[in-house]
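Novice: Right, I'll just put the structure down here and ask away after.
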Amino acid sequence: MPVVSPIFAACWLPGLTLAEPVHFSLVEKLLLAALIAASGWLFWRRFGVIARRILAARKDADFHLFPLGRRCWDFFWEVLCQAKVIRERPLPGLAHAFVFWSFLAFALVTANHVATGFGVGFLDPGGFFGRLYFLIAAIFALACAVSIAGLFVRRFVVRPVWLAHKDKTVSWESGVIAGLIFLLMATYLGAYFVPDGSLAVRLLWWAHTLTLLSFLPLVPHTKHLHLILSPVTVFLSRGGFSEIPPLADDDDFGLVTGKDVTQLTALQVYSCVECGRCTEHCPAANTGKELNPREIILGLRGYLNEFGPASEESLLGRWNSQQAAFQCTTCGSCEFQCPVGIEHLPVIVGLRRGAVNTGEWEDEHGGKLFLALERSGNALGMAHSEREKFMAREELPMFDGSQEYCLWLGCMGGYDPKGREIIRSFVEVMRYLGTSYGVMRREKCTGDPARRLGNDLVFQQLAEANLETLAQNKVKKIVSICPHCVRTISEDWKAYGTPPEIEHHSEFLARHQARLPKSAASQTGQTGQTVFHDPCYLGRYRNVYEEPRAIVRAHGDLVEAERSRERSFCCGAGGGLAFLGEEQGARVSETRVEQLVATGATTIGAACPFCNTMFRDALASRGEGAPQLLDIAQIAAAALPTSVKESDSLNMQEERREEK
Amino acid sequence: MNTVLVFLEAKSGEPTRISLEALAAGAQMAAATGAELAVAMVGAATGAGFEMLGAARQVFAIEDPLLSEYTADGFTASYAQLIEQVKPEFVVLPHTYQVRDFAPRLATRLGRVLISDVTGIAMDAGKVTLTRQLFQGKLNGHYHAVAHAPTLLSVQAGAFRAEAATVTQASVTTFTPNLDAASIRTKPGEPFRAAAQTVDLASAPLLVSVGRGIKDEANLPLVKELAEALGAELAASRPICDAGWLPMERQVGSSGQTVAPKLYLAVGISGAIQHLVGMKGSQCVVAINKDENAPIFEIADYGIVGDLFEVVPALTAAVRKAKG
Amino acid sequence: MKIIVAIKQVPERDARIRIDSAGKWIALDEIEFRMNESDAYALEEALLLKEAHGGEVVVLSAGPERVGQTIREALAKGADRGIHIASDKLGEYDALGVARLMAAAIADEQADLILTGLQSDDLGLGQTGVILAELLGIPHSSLILKIEKTEAGIRVLRELEDGWFQHIEMTTPALLTIQSGNTRLRYATLMGIKKARSKELRVVEADAISVDAARCVSLDSVALPSRQKTTQMLTGTPAEAAAALVEKLQQEVRVL
């Protein structure tokens, strides 16, 4: 106990005793009571309104409190440990954590402080426990004072762009609040340096009390409302990442008016601390688009403040724009980064659902996409005879129930020339391994673009049709080269049935890595390094980071882009945007390619056919010197002995060896 | 005696090429069934166009001021009256936009059903089997008429070869239908062409589209010349428009225009899916690419593997030569 | 304005074509059905007219029970009610017979305008609408791209060949067949589908309509074309390949 024992020792130093006033007159007691009442009343006047607004919102139809284990863990990890706050911005995060932990430590100190005023103080500054506790609190107070001063300097001197509002100003209330916190800590620590029984003790006590009582009513009026709400928000979160709630009833079309805002959403909206982490990581906000996830949340808050949760005013209008809502790639960075538990995607997708399910959204490319999905069952509007021609040419066996895997081609694998190359490579690997697989003739789009764009009708039709086909074919396991297909089948389809087990080909390849040949750099002719781009729907959505890297490492040197793993920057294709025509501002794909090229890698490793197609275009404009683009299946297949035929599969070789 | 009556369509007084193809089909049927061939066309009997219809025994010039411009009501009534008079076994029409407009109405007035867009005629022991395409050409259907004469059919452009016109003097009979101005219920306006100043790829019948294979902006005139020779609009894939070599409005693909021309000539385009999505509705795709494995060849009707810098000038020259 | 839109349910455009055992039609198992494409444009035009001038859009379709689904789709997109001529043996009627059924089913409707698509994606006859106009004794125009309401009736834009167009003025009631592709189709929405549930769908049994069902023409058999679409590679020197291509463009594609 190297840290604790000096504190124990210090407890007995005569100078280190907290000075407290001993006797309060009746006038003082009455004044204190009056001030507490006034402060409490001012607090409730605002907080009550907000609380009522949240409670008046519609109930979340799908909300279940149980199981509690996950909720408790999130609360412990994200609230008590401040994990998300620290992870993304370590220094300011730690500073914030100290302020938070000091508040926790001060709970008892503050209670005793007020009790002392009424003559019922319960912590004796002279006693062992009192001395010890006050001293620990003092250490936190010191850390807190330093931290809050640092955060003040950061916000008002360094001024990171993410903290600024739309109009580029920084909130002055934050400065006032920081000052009050600093004053609280100073007035507490000061009591160690004034003689017992002096007038200074009394003045300090009152100064601390007044600071405390001015702080309280400010909380619900400012973003510091998160002090109260965000622990609740984190505890009550929906749980799944980017979890789009089911529509509650026949009149629920998504977020159309205030009446559609649920309690959880309202709670989250009022919890926003305006830290800007969401916006900092948003690919749309970073490429000059109107969308700014923080402003979406604050826009909804503005709406609730102006119209309230019973309003029939459209949610898209004064406070949020339709254009912004449809610029989201659903990459999930915002939701992943949010330290107070706001779930942005259900809000953004919810606004899209409201606009699409009612037919309000009119977009040439979007309309064409929906019609293509309705009429052709694939997002590209291609004839499925084209897909069948490809299956015949590649001699892909039909799934007949006897094989282990159903190979899900997806729209890209079935129709896109680049996607087909990925399928071809992956099939070579499966043939080499002797894995049995088959494809389905009547496979349709999983509905991913419809789901993310908020078209519940088309999504439901596609999900149900596919589930039926899978059931008819008795499919038990699916493997897919597309993270969007994987996510949509494994999570989103649950609303309409029980999807078979599915895995992404990176998971499959990593599991069979030991049986696959590794390639020496000389063998594949790869001399440079490979940078792996984490697809949003594989990383943040599925938590798969290591598997694709293992494949890259087996065949060359892996380098990391500045934004990688959980912080990976989107390619621009997600959320149906691959089909929506030209972008406002810079292209997300080109911004991402720039980041990847900056690593100096000669190969870009991808694991998603949508990323692949976006990068292909972006790399094309970079001319001859651009790095090559390969899917991990292509990287793995390049190391296979040439002319891998079905008859030469590993199993067959093994069988032959056994025969000998 | 049985008659095969062929209705022709005239443009500036001359029978159109497809009309002559219909005439050929009619002649074939007349020959096979031993029927007499009769021809009818709207216009003055003195018109030059009637000279080249010598192969027919009987030629009717349908003449009436109310037929100076096409109306479904006017044509239906006139044709029906002529059919009443001639009482043919078969009525043959060219399958044009105009015929599609009034012929079903004409057949109904006669209590018959038109067999439209016929691509093949087979005659066997007095039974005539007519073939037409179903499911956009993916299936052929064989039809025969159940009802009494006349059997009405329209023939598809290009399905029959127009015979060389033999100019022999035929007797041209003027047929004056009994028309009433009040029975014509539509008032057609002057035909016009769409304003051509803006680029409208979607409605262009011919497109020459250029891709990354062109390598440099300075090489674009090569493709422009080909487009001009063909009378085609110039289009491009995304990288060309991204580079600013051609305006964005000429971009074909998922983020640009969706087109469905009669001819889509892709020069130096490999065929990324974003591009294919925009032009997959084209009736005929020609691809010129140096990479024989380029995906564009998968959907092309005709392909030339070769260096576009050699093939395109050769093609431009060949087109100019063919057009005279 | 009261508008009737006649809609056909057809096998989806890219359906795999296999011939049934009798050799008379395609095998319909495994086939998915859709609203005929140009009919979807006819519906869109009708809805646009209703939105601009008010009135009612009535959807009319004939066929077996599954046709109800396509009518519902039209109702979901905004049509007000539907009429379903129910028959499992519609293939036994020719175009005139079907048009007679339709004329009888809408005899009491007194519509101002009847719209149909230009032609069906399966049979491709392009006749039913025009025949219906003749049976009803009303004028028609085909290949229509645009419809404007005028004081006397309507003014329509008709497509002619080779990039030419023409305006036609007509009195109402009239029948128009609509060309695909001139407007943007609206997508079906969840709200529309839910609203469609409460809209009226009148089912008329074809057998209960007394019309002359005797056929004039008969489809005896179907066959797959012998030549499937494949890529023809033109080889030789650039000049030879170019000459070969020009010949194809002249003789087969017919664009020169």
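Novice: Could you identify the single residue in A:Leu267, A:Leu247, A:Leu227 that is crowded, with 23+ Cβ neighbours inside 10 Å and outside the structural domain of A:Arg159 (by TED's automatic domain parsing)?
Specialist: On the way: A:Leu247 fails: crowded, with 23+ Cβ neighbours inside 10 Å; A:Leu227 fails: crowded, with 23+ Cβ neighbours inside 10 Å.
Just one listed residue meets the conditions, A:Leu267.
To keep it simple, each residue is scored yes or no on (1) of a type outside the set (Gly, Ala, Ser); (2) under 17 Å from the mean Cα position of the chain (by Cα); (3) buried (at least 24 other Cβ atoms within 10 Å of the Cβ); (4) assigned by TED's automatic domain parsing to the domain that holds A:Arg487.
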position: A:Cys328; (1), (2), (3), (4): yes, yes, yes, no
position: A:Cys331; (1), (2), (3), (4): yes, yes, yes, no
position: A:Phe336; (1), (2), (3), (4): yes, yes, no, no
position: A:Leu373; (1), (2), (3), (4): yes, no, yes, no
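Novice: Just to be sure, is C:Ala206 over 24 Å from the mean Cα position of the chain (by Cα) and more than 14 Å from chain A (Cβ to nearest Cβ)?
Specialist: no
Novice: Which one of the conditions (1) in contact (Cβ under 8 Å) with a residue 40 or more places away in the chain; (2) more than 13 Å from every other protein chain (Cβ to nearest Cβ) does B:Ala218 fail to meet, given that it meets all the rest?
Specialist: Tallying (1) in contact (Cβ under 8 Å) with a residue 40 or more places away in the chain; (2) more than 13 Å from every other protein chain (Cβ to nearest Cβ), B:Ala218 fails exactly one: (1).
Novice: Could you check, for segment C:221-243, whether at least one of its residues is assigned to a loop (DSSP other than H, G, I, E, B), surrounded by 16 or more Cβ atoms within 10 Å (Cβ to Cβ), without any contact (Cβ under 8 Å) to a residue 40 or more places away in the chain and more than 14 Å from chain A (Cβ to nearest Cβ)?
Specialist: yes
Novice: Same structure, new question: (1) of a type in the set (D, E, K, R); (2) in contact with a Gly (Cβ under 7 Å, 6 or more places away or on another chain); (3) more than 7 Å from chain B (Cβ to nearest Cβ); (4) closer than 25 Å to B:Thr131 by Cβ: which one isn't true of C:Glu252, the others all being true?
Specialist: Among (1) of a type in the set (D, E, K, R); (2) in contact with a Gly (Cβ under 7 Å, 6 or more places away or on another chain); (3) more than 7 Å from chain B (Cβ to nearest Cβ); (4) closer than 25 Å to B:Thr131 by Cβ, the lone unmet condition for C:Glu252 is (2).
Residue by residue, here is whether (1) touching a Lys or Arg at 6+ places or on another chain (Cβ under 6 Å); (2) within 21 Å of A:Asp60 (Cα to Cα); (3) not β-branched (Val, Ile, Thr) holds:
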{"position": "A:His224", "(1), (2), (3)": "no, no, yes"}
{"position": "A:Phe235", "(1), (2), (3)": "yes, yes, yes"}
{"position": "A:Arg238", "(1), (2), (3)": "no, yes, yes"}
{"position": "A:Phe253", "(1), (2), (3)": "no, yes, yes"}
{"position": "A:Leu264", "(1), (2), (3)": "no, yes, yes"}
{"position": "A:Leu267", "(1), (2), (3)": "no, yes, yes"}
{"position": "A:Cys272", "(1), (2), (3)": "no, yes, yes"}
{"position": "A:Cys278", "(1), (2), (3)": "yes, no, yes"}
{"position": "A:Gly299", "(1), (2), (3)": "no, yes, yes"}
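Novice: Wholly within segment B:49-160, which strands (runs of 3 or more DSSP E) include no fewer than the required count, namely at least 2 residues that are free of Cβ contacts under 8 Å to residues at least 24 places away in the same chain and within 8 Å of another protein chain (Cβ to nearest Cβ)? Steps first, answer last, please.
Specialist: Numbers: elements: B:58-62, B:90-94, B:115-124, B:127-134, B:139-145, B:151-155.
Because the criterion is at least 2 residues that are free of Cβ contacts under 8 Å to residues at least 24 places away in the same chain and within 8 Å of another protein chain (Cβ to nearest Cβ), the strands (runs of 3 or more DSSP E) in segment B:49-160 that meet it are B:127-134, B:139-145.
Novice: Among the numbered criteria (1) within 12 Å of chain A (Cβ to nearest Cβ); (2) within 26 Å of the chain's Cα centre (by Cα), which one does B:Ala287 miss?
Specialist: (1)
Novice: Return the residues of segment A:107-117 that are hydrophobic (A, V, I, L, M, F, W, C) and in contact (Cβ under 8 Å) with a residue 40 or more places away in the chain; say none if nothing qualifies. It would help to see each step written out before you state the result.
Specialist: We begin by selecting, within segment A:107-117, every residue hydrophobic (A, V, I, L, M, F, W, C); these are A:107-109, A:111, A:114-115.
Answer for segment A:107-117, where residues must be hydrophobic (A, V, I, L, M, F, W, C) and in contact (Cβ under 8 Å) with a residue 40 or more places away in the chain: A:Val109, A:Val114.
Novice: Could you please let me know if B:Ile269 is more than 8 Å from every other protein chain (Cβ to nearest Cβ), touching a residue at least 60 places away in the same chain (Cβ under 8 Å) and either under 27 Å from the mean Cα position of the chain (by Cα) or crowded, with 21+ Cβ neighbours inside 10 Å (or both)?
Specialist: Spelling it out, B:Ile269 is indeed more than 8 Å from every other protein chain (Cβ to nearest Cβ), touching a residue at least 60 places away in the same chain (Cβ under 8 Å) and either under 27 Å from the mean Cα position of the chain (by Cα) or crowded, with 21+ Cβ neighbours inside 10 Å (or both).
Novice: Got at least one residue in segment B:246-259 being within 14 Å of chain A (Cβ to nearest Cβ), under 23 Å from the mean Cα position of the chain (by Cα), more than 22 Å from A:Ala573 (Cβ to Cβ) and in contact (Cβ under 8 Å) with a residue 60 or more places away in the chain?
Specialist: The answer is no; no qualifying residue exists.
Novice: C:Ser198 - would you say it is surrounded by fewer than 17 Cβ atoms within 10 Å (Cβ to Cβ), within 7 Å of another protein chain (Cβ to nearest Cβ) and within 26 Å of the chain's Cα centre (by Cα)?
Specialist: It is false that C:Ser198 is surrounded by fewer than 17 Cβ atoms within 10 Å (Cβ to Cβ), within 7 Å of another protein chain (Cβ to nearest Cβ) and within 26 Å of the chain's Cα centre (by Cα).
Novice: Give segment B:163-192 a look and list any residue that's under 21 Å from B:Gln85 (Cβ atoms), at pLDDT below 90 and either within 11 Å of chain C (Cβ to nearest Cβ) or touching a Gly at 6+ places or on another chain (Cβ under 7 Å) (or both), or say none.
Specialist: B:Ala170
Novice: For segment A:180-199, what are the residues that are assigned to a helix (DSSP H, G or I) and either out of contact with any helix residue (DSSP H, G or I) (no Cβ under 8 Å at 6 or more places or on another chain) or not assigned by TED's automatic domain parsing to the domain that holds A:Leu135 (or both)?
Specialist: A:Leu199
Novice: Among the listed residues A:Pro397, A:Pro417, which satisfies the condition of being in contact with a Gly (Cβ under 7 Å, 6 or more places away or on another chain), without any contact (Cβ under 8 Å) to a residue 60 or more places away in the chain and surrounded by fewer than 19 Cβ atoms within 10 Å (Cβ to Cβ)?
Specialist: So the residue among A:Pro397, A:Pro417 that is in contact with a Gly (Cβ under 7 Å, 6 or more places away or on another chain), without any contact (Cβ under 8 Å) to a residue 60 or more places away in the chain and surrounded by fewer than 19 Cβ atoms within 10 Å (Cβ to Cβ) is A:Pro397.
The values are calculated or read from the model by the stated rules, or taken from the named source; none is laboratory data. Quick caveat: nothing in here was measured; it's all calculated off a predicted structure. Positions of Cβ are generated from backbone atoms using ideal geometry, with glycine treated the same way; all protein chains shown enter the neighbour counts.
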